[in-house]
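Laboratory data are not the source of any read-out in this text; all were calculated from the coordinates shown. Computed from a predicted model, the values in this text were never measured in an experiment. Note that we place each Cβ from the backbone using ideal geometry, even for glycine, and neighbour counts take in every protein chain shown.
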Ligand SMILES: Cc1ncc(COP(=O)(O)O)c(C=O)c1O
């Protein structure tokens with residue numbers, strides 16, 4: 001039996017010789033299924049979930065190809081479909097074609113970003129791409145970065161490095177300052193760092209949703225009186241609910257004066273900084289110590305794809321380097337498992353690299369500009385005397401019929417979301433300032449003006 005298992009090893013894995021005809025047939029069939037699913041989105045809508053969807057678990061014997069392809073179909077047909085033009089709820093745009101290919105290649109390569117010896121080409125690719133981004137946003141030669149699976153983890157990498165850099169270790173008096181509209185994952189970061197919500201100081205925002213500088217100054221003074229040790233201030237480049245950008249210039253000056261690490265959560269807006277699109281508030285971001293850029297959220301790099309860029313790479317090395325006793329190292333090359341939280345990590349950089357190479361800077365700019373145009377078109381045409389509108393310079397709009405009480409906002413938004421999904425429009429309903437809002441995220445390249453006009457008619461009805 002053991003003999004058979006050793007000699008008949010071409011059933012499960014790619015063959016190292018010959019043409020792998022079977023794998024080619026399966027890949028073609030899987031590609032066909034995926035492309036059929038994309039092209040049926042129009043009929044099925046953005047969220048075609050059937051409550052009777054069955055999650056079938058592995059059985060004693062392996063399943064046939066036919067069974068598996070039938071289950072793949074069922075899985076696809078019950079999935080959120082980001083390519084539908086009515087998919088406007090979240091920061092999850094349609095996937096870029098070359099990013100899909102990048103994921104396929106990364107899966108087949110099965111290389112590991114833990115170490116250079118397990119991923120020589122992609123280690124160099126990730127290092128170079130991070131440097132390219134760092135350079136584009138105006139960091140100097142000491143800069144670089146590391147990829148992570150999502151904005152939350154990139155932010156966490158930054159905050160741990162900031163705290164280490166401040167020499168605060170696990171000091172229970174250490175605090176992080178963020179705006180009251182910063183992303184909810186900072187609560188998670190604080191908990192993971194062994195602190196609690198008292199260590200997260202929230203600064204009030206102004207009427208545009210930006211961190212209020214006077215409030216920030218007052219909080220800093222209060223921290224100092226209470227002997228709290230600040231390890232970082234986070235400024236957000238694009239808040240989740242309304243796309244506001246915190247005043248980086250003023251915040252960075254304060255950070256410089258007081259020697260505090262400035263982290264920018266650019267999960268939404270950071271990518272605009274590598275283009276020439278004039279977005280107010282995106283100057284001066286090279287004054288930060290670190291910045292998260294999350295290209296999965298707007299330009300369609302497939303999930304997950306997030307980078308933390310730092311102005312000085314030694315801060316990551318000093319924080320995360322433990323030595324990898326079972327891994328060889330090479331002079332002048334950093335094993336990338338030693339500069340971030342994650343150990344084993346797939347070659348996600350390939351889909352980012354292919355996506356960016358495919359688009360070029362013009363293509364990136366085109367996608368970003370189109371999202372702003374859709375937002376502008378929506379705002380221009382929505383009834384201003386009927387809705388309170390919250391939006392900033394980016395492509396996100398939250399709105400609510402004016403003078404609605406908190407309780408009524410809950411009912412109105414729920415009713416509207418249900419009504420809209422029946423008409424194949426998917427919007428989200430964030431809770432914000434004690435009320436529920438409807439939110440539209442205009443990052444879907446397939447959404448045309450005619451779709452937005454139809455959405456506005458449904459909202460007005
Ligand atoms: C401003 C901001 N920061 C961080 C995150 C977290 O990113 P991720 O979901 O990729 O972890 C989000 C998610 O939407 C966000 O909007």
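Were the residues from residue 280 through residue 333 laid out at 0.36 nm apart, the gain over their Cα-Cα distance would be 15.3 nm.
Given a Förster radius of 22 Å and the C-beta distance between residue 124 and residue 13 as r, what FRET efficiency does 1/(1 + (r/R0)^6) yield to the nearest 0.05?
Step by step, r from the Cβ atoms, then E = 0.25.
In plain terms, the residue of 65, 180 with the fewest other Cβ atoms within 10 Å comes first and the most crowded comes last, giving 65, 180. For labels at residue 43 and residue 402 in the simple 7 Å Cα→Cβ model, what's the distance in nm? Each label point is offset 7 Å from its Cα along the Cβ direction, giving 4.5 nm.
In the chain, helical runs assigned H by DSSP with n ≥ 4 each contribute -39500 (n - 2.57); averaged across all residues and rounded to the nearest 500, the mean residue ellipticity at 222 nm is -13000 deg cm²/dmol. For region 2-81, the square roots of the Cα gyration tensor eigenvalues, ordered a ≥ b ≥ c, give a/c of at least 1.5 with a/b no greater than b/c, which places it in the oblate category.
Extending 7 Å from Cα along the Cβ direction at residue 314 and again at residue 73 yields two label points whose distance is 6.1 nm. When 132, 353, 261 are sorted by how many other C-beta atoms sit within 10 angstrom of their C-beta, beginning with the fewest, the order is 132, 353, 261. Stretching the chain fully between residue 259 and residue 50 yields a gain of 69.8 nm (0.36 nm per residue, less the alpha carbon separation).
For the chain, treating each Cα as an identical point scatterer without solvent, what Debye log10 I(q)/I(0) comes out at q = 0.07, 0.09, 0.11, 0.13 1/Å? Result of the Debye calculation: -0.41, -0.67, -0.98, -1.28. Using a/c under 1.5 as the rounded threshold, could you call region 366-460 rounded, prolate or oblate? The axes a ≥ b ≥ c are square roots of the C-alpha gyration tensor eigenvalues, and prolate needs a/b larger than b/c, oblate otherwise. Verdict is prolate for region 366-460.
Each peptide in 379-386, 38-45 receives the mean, over its residues, of other Cβ atoms within 10 Å, and ordering these scores from highest gives 38-45, 379-386. Listed from fewest to most Cβ neighbours within 10 Å, the set 19, 123 follows the order 19, 123. Looking at the square roots a ≥ b ≥ c of the eigenvalues of the Cα gyration tensor of region 56-213, which shape do they give, rounded for a/c under 1.5, prolate if a/b is larger than b/c, or oblate? Prolate, because a/c is 1.5 or more and a/b exceeds b/c.
Straightening the chain between residue 215 and residue 136 buys 25.3 nm, computed as 0.36 nm per residue apart minus the Cα-Cα spacing.
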